[in-house]
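Colleague: Starting off with a structure, shown below.
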Amino acid sequence: MTDPLEAPERAAVSAVLAAAWGTPVTLVSATGLASRDHVARVTTGEGRSAVVKRPRPAGDSPWPVDPEGLRLEWASLDHLDRTAPGVAPRLFGGDDALGVVAMEELPDGRTLADALLGGDAGVARGDVLAWSRTMAAMHAGTLGTADGFAAARRRRALPAVRAPWWLERLDAAVPAFATIAPASGVAADIARIRALLTRVHVGLVHGDPCPDNVLISVAGCRLVDFERASMASVALDFAYLLAPFPSCWCFGRLPPGLVAEAAAEYEGAVTAAGVELGDVWTEAVAAALALFAVVRVGNQTASPDDGSPWGTTTMGPRLAAWTGSLLAAPGNDAFPHVTAAVAAWREAQGFAGADPAPGYPAFG
């Protein structure tokens, strides 16, 4: 099997691990993981192992390749080790010049996607609740730590602050959204959405907390792939439970009772950590759902029912679910013009009253 690491990268990884573990390290093997050229598992002659990541090559991801992605993940893991240990793989270190980052290898297990697409409702339910608790731990631990995350970004030669990727896409989506579903007052609503998502309950946001970025094993539930993380309202992550999963190939409808249970689990865990969400939380979550709807509708270039596949279904059911989640959300009256525009667009698409999406196989 071809060694996925070049000789200089092997030397850099050995040095990083030796510094992290406080002992000399000799790499004896490196193998690719998950059919991805940028991720490898390394083992040492001392019987230890780690995961090594490099920048994604072009074509490896449905996302446009972001040159900051790996450095952003490095900064995120660095910050989480200091603020919310145990929610993500532990960082061992990296080499800026060569672009390699070494982190803890998690035990074999399953992803949340595996559970949702499987046949055991009990396992899937437990894993969704584990997702909620892990998200709560990360958010509670990082609320109010913007200065620390800015410092972690600067250590990786990144600008101290960058807007969440969802908000970066908002400006491009608004003109098309206003054309598709015109409504007076949309601009004021957008300004309110932006303010809430950058000023209320600001903590580390994963940015893509999808089922395949959630690993469950004997070590518990861990989040991986922080290449789109930011410091913003944690409502952006939480709303993935309600939308559901608006940036994920692994898409389906969660049972309403489970959604309510997982939301209560999250809010209870955050409260137990000493965080008071308050009345503005409902509005912030609605703002996140409104953001997802505006970006997805505004960026929709083809007909929603054109049948183009993406992961587990096509865009039609996804858009029906994502826009419907805003209309069902308490607090959406804070953005009356956006909400009315989304309702009008749904009506024009024939989505009104439609079953929003197929359910995950685990729940029949």
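Colleague: Please count how many residues of region 127-158 are of a type outside the set (Phe, Trp, Tyr) and closer than 17 Å to Val202 by Cβ.
Modeller: 18
Colleague: Looking at Leu158, is it closer than 15 Å to Ala229 by Cβ and out of contact with any strand residue (DSSP E or B) (no Cβ under 9 Å at 6 or more places or on another chain)?
Modeller: Yes, satisfied.
Colleague: Also: Scan region 199-246 residue by residue and report those that are over 13 Å from the mean Cα position of the chain (by Cα) and on the phi > 0 side of the Ramachandran plot.
Modeller: His201, Gly220, listed by residue number.
Colleague: Scan (1) under 19 Å from Thr83 (Cα atoms); (2) of a type in the set (A, V, I, L, M); (3) assigned to a loop (DSSP other than H, G, I, E, B) for the single condition Ala183 breaks and write down its number.
Modeller: (1)
Colleague: Considering only residues that are free of Cβ contacts under 8 Å to residues at least 40 places away in the same chain and among the small types (Gly, Ala, Ser), which ones fall in region 295-347?
Modeller: Result: Ala302, Ser303, Gly307, Ser308, Gly316, Ala320, Gly324, Ala328, Ala343.
Colleague: Is there a residue being over 19 Å from Ala362 (Cα atoms), touching a residue at least 12 places away in the same chain (Cβ under 8 Å) and in contact with an Asp or Glu (Cβ under 8 Å, 6 or more places away or on another chain) anywhere in region 235-253?
Modeller: yes
To keep it simple, each residue is scored yes or no on (1) in contact with an Asp or Glu (Cβ under 7 Å, 6 or more places away or on another chain); (2) assigned by TED's automatic domain parsing to the domain that holds Ala243; (3) modelled with pLDDT under 95; (4) assigned to a helix (DSSP H, G or I).
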position: Gly144; (1), (2), (3), (4): no, yes, no, no
position: Ala151; (1), (2), (3), (4): no, yes, no, yes
position: Arg162; (1), (2), (3), (4): no, yes, yes, no
position: Trp166; (1), (2), (3), (4): no, yes, no, yes
position: Pro175; (1), (2), (3), (4): no, yes, yes, yes
position: Asp189; (1), (2), (3), (4): no, yes, no, yes
position: Arg194; (1), (2), (3), (4): no, yes, no, yes
position: Pro209; (1), (2), (3), (4): yes, yes, no, no
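Colleague: When region 85-113 is examined, which residues are found to be within 30 Å of Gly252 (Cα to Cα) and part of a strand (DSSP E or B)?
Modeller: Hits for region 85-113 are Arg110, Thr111.
Colleague: Could you go through region 260-282 and let me know if any residue there is over 30 Å from Pro182 (Cβ atoms) and touching a Lys or Arg at 6+ places or on another chain (Cβ under 7 Å).
Modeller: Yes, because at least one residue in region 260-282 is over 30 Å from Pro182 (Cβ atoms) and touching a Lys or Arg at 6+ places or on another chain (Cβ under 7 Å).
Colleague: Then there's this: Quick check: is even one residue across region 19-28 at pLDDT 90 or above and under 19 Å from the mean Cα position of the chain (by Cα)?
Modeller: No, the conditions are met nowhere in region 19-28.
Colleague: Counting just the residues of region 45-80 that are at pLDDT below 95 and over 21 Å from the mean Cα position of the chain (by Cα), which one comes out surrounded by the most Cβ atoms within 10 Å (Cβ to Cβ)?
Modeller: The extreme case among them is Glu46.
Colleague: Given the criteria surrounded by fewer than 20 Cβ atoms within 10 Å (Cβ to Cβ), touching a Ser or Thr at 6+ places or on another chain (Cβ under 7 Å) and either in contact (Cβ under 8 Å) with a residue 40 or more places away in the chain or not assigned by TED's automatic domain parsing to the domain that holds Trp131 (or both), does Val205 qualify?
Modeller: So Val205 does not fit the description; no.
Colleague: While we're looking at this one, here's another question. For the condition over 18 Å from Tyr240 (Cα atoms), modelled with pLDDT under 95 and either in contact with a Phe, Trp or Tyr (Cβ under 6 Å, 6 or more places away or on another chain) or crowded, with 20+ Cβ neighbours inside 10 Å (or both), what is the one hit in Phe351, Phe335?
Modeller: Being over 18 Å from Tyr240 (Cα atoms), modelled with pLDDT under 95 and either in contact with a Phe, Trp or Tyr (Cβ under 6 Å, 6 or more places away or on another chain) or crowded, with 20+ Cβ neighbours inside 10 Å (or both) holds for just one of Phe351, Phe335, which is Phe351.
Colleague: Out of (1) under 30 Å from Ala11 (Cα atoms); (2) surrounded by 19 or more Cβ atoms within 10 Å (Cβ to Cβ), what's the single condition that is false for Pro107?
Modeller: (2)
Colleague: Against the definition (of a type in the set (Val, Ile, Thr), surrounded by fewer than 24 Cβ atoms within 10 Å (Cβ to Cβ) and out of contact with any Gly (no Cβ under 7 Å at 6 or more places or on another chain)), how does Thr83 come out, yes or no?
Modeller: no
The values are calculated or read from the model by the stated rules, or taken from the named source; none is laboratory data. Being a predicted model, the structure only gives us computed values, none of them experimental. Cβ coordinates were reconstructed from backbone atoms using ideal geometry, including for glycine residues, and neighbour counts include every protein chain displayed.
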